[in-house]
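Heads up, the thing below is written out as structure tokens.
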């Protein structure tokens, strides 16, 4: 699952992922339901009812047993609306997704909600499929519907926060993450997302009580400590920034927020070799972080390393141009959501820039639209993912790690 435990606000192409894939949580929603299980509405007992309900119950049991083929067979005879027909189409949609047929799954879920609109889990699943195929506007509409149908469920708000974050809409992201936390204060990702979004939108003062709350709840979380270091630095409190960055790096030596803060403190104090070491590490971890690349070039210049500085600024220029092209592709994807070639191009650019996670997801999104799309299959192979012989197998391999359990 895509992590919000870092600050990539310096990357020009931050919106690319959301438009290309609709947010990283999409696979998670349709695969597992995500979030707190206590927030999910209890399914009524239909075992004594007739109509389509026996087929629905059988289909759900097969899904729980990991048999989507049998689940689909249980409901595929249902064609007309009636008691349980909407729920049957939901079973069909989830089964089709797990069988590697996402487009057919989306169509089945659309019919499910036409038959029975009051299915919050189905709305979440449909939102996921819209988002994974690049239809962000319709995905957000479905998430809003899910939030209305299940007002105590944090999952729609968490996913909206992810999407707004990836779109660079930090104010909206912070609001959505806060609503998720109002419903489940233990959602660590929402807490990190809120803090990141507040700082990304220059709401430093507004972040102060949220930072204090996060530190009280998660005093040894390196991501919280790293964000606290950034917050203190932006407030001008260098001693506290140094304290928090040291605490974060003691727990996670590769925490990007803490490394950047320490590098900036070192640069401000003319400890250039120390700043250089931290910035080289940051740019190895985040090769497209424009702010880190720019500061690295500055430090190299001050140290008299002109050739290294020139190479760094070339990297900076290439990353900037790549981000601009990815933003252009994102706009094309929004207008042509069924074109797998655009997602493959996005993945290729991401791979060239060292963003292998984004590349993998873009190739997977292309395969959702066309399981036989050879450039995307080749792209996965170049990342060391050995596509299975069937297209559906290749798709499942690309999305490995997103599924953590059955959707109810």
Boolean, residue 228 is within 24 Å of the chain's Cα centre (by Cα), closer than 18 Å to residue 194 by Cα and without any contact (Cβ under 8 Å) to a residue 40 or more places away in the chain: yes
Qualifying residue in the stretch 170-193 (condition: more than 22 Å from residue 229 (Cβ to Cβ), modelled with pLDDT under 95, in the same structural domain as residue 153 (by TED's automatic domain parsing) and within 17 Å of the chain's Cα centre (by Cα)): no
Qualifying residue in the stretch 86-97 (condition: surrounded by fewer than 20 Cβ atoms within 10 Å (Cβ to Cβ) and touching a helix residue (DSSP H, G or I) at 6+ places or on another chain (Cβ under 9 Å)): no
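A quick yes/no check of all residues on (1) modelled with pLDDT under 80; (2) buried (at least 24 other Cβ atoms within 10 Å of the Cβ); (3) not in a helix (DSSP H, G or I):
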| residue | (1), (2), (3) |
| --- | --- |
| 349 | no, no, no |
| 354 | no, no, yes |
| 367 | no, yes, no |
| 386 | yes, no, yes |
Hits in the stretch 298-341 - residues which are within 19 Å of the chain's Cα centre (by Cα) and farther than 24 Å from residue 278 by Cα: 326, 327, 329, 330, 331, 333, 334, 337
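The values are calculated or read from the model by the stated rules, or taken from the named source; none is laboratory data. Since this is a predicted model, take the numbers as computed values, not measurements. Cβ: placed from backbone, ideal geometry, glycine included. Neighbour counts: every protein chain shown.
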